[in-house]
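Reviewing the structure listed below.
Each value in this text was obtained by applying a stated rule to the coordinates, not by laboratory testing. These figures come from a predicted structure and were not determined experimentally. Every residue, glycine as well, gets a Cβ built from its backbone with ideal geometry; the counts of neighbours run over all protein chains shown.
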Amino acid sequence: MSECIFCKILAGDIPSTKVFEDDQLYVFKDIYPKADVHLLVIPKQHIARLDEVRAEHADLLSHMMLSLPQLAKSQGLDTGFRTIINTGPGGGQEVDHLHIHILGGSNLPGFK
Ligand code: 5GP
Ligand code: ZN
């Protein structure tokens, strides 16, 4: 079995609070939210990091990006939202399964 935490979430071996899913994506609430709304958007395909994506992932990446505004709206983020992709240890990435953070609402931390 995969040791990847997010693959375990996808397999249902670790519980998560699902917000949305389709054939390519799974979206769930971050377990340690950094703002009132904090979602994680992950591909069902295991890709470790943004610097490992290749041209064959273009459609998937496009689909992920195009899904973000509607996901934010579904959480009531009508005035806007923040997206973050941490990449590698130098970027503060803790889970090696590509993910896009969506943050918004009250208590949005400063971005320095
Ligand atoms: P990273 O630092 O890799 O960009 O972000 C990983 C995120 O995954 C963190 O915000 C962390 O709170 C979240 N996270 C880690 N383990 C779990 C988990 O088991 N369940 C959920 N829902 N989120 C997790
Ligand atoms: Zn994975």
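Brief remarks on what is shown
- Which listed residue is touching a residue at least 24 places away in the same chain (Cβ under 8 Å) and of a type outside the set (Phe, Trp, Tyr), from Ile47, Ile84: Ile47
- Some residue of the range 92-112 being in a loop (DSSP other than H, G, I, E, B), away from ligand 1 (no atom under 11 Å from the Cβ) and acidic (Asp, Glu): no
- Considering Phe20, Phe6, the condition of being surrounded by 14 or more Cβ atoms within 10 Å (Cβ to Cβ) and away from ligand 1 (no atom under 13 Å from the Cβ) is satisfied by Phe20 alone.
- Criterion violated by Pro33 - all others in (1) within 16 Å of ligand 2 (Cβ to nearest atom); (2) on the phi < 0 side of the Ramachandran plot; (3) free of Cβ contacts under 8 Å to residues at least 12 places away in the same chain satisfied: (1)
- From Ile14, Ile47, residue being within 15 Å of ligand 2 (Cβ to nearest atom), among the hydrophobic types (A, V, I, L, M, F, W, C), more than 29 Å from Gly110 (Cβ to Cβ) and surrounded by fewer than 13 Cβ atoms within 10 Å (Cβ to Cβ): Ile14
- The set of residues in the range 87-109 that are in contact (Cβ under 8 Å) with a residue 12 or more places away in the chain and closer than 25 Å to Arg54 by Cα comprises Thr87, Gly88, Gln93, Val95, Asp96, His97, Leu98, His99, Ile100, His101, Ile102.
- Ile85 touching a strand residue (DSSP E or B) at 6+ places or on another chain (Cβ under 7 Å), over 18 Å from Val19 (Cα atoms) and of a type outside the set (Asp, Glu): yes
- Number of residues in the range 69-95 that are exposed (fewer than 14 other Cβ atoms within 10 Å of the Cβ) and within 16 Å of ligand 2 (Cβ to nearest atom) equals 2.
- Enumeration of residues in the range 71-91 that are assigned to a helix (DSSP H, G or I) and more than 21 Å from Ile31 (Cα to Cα): Gly90
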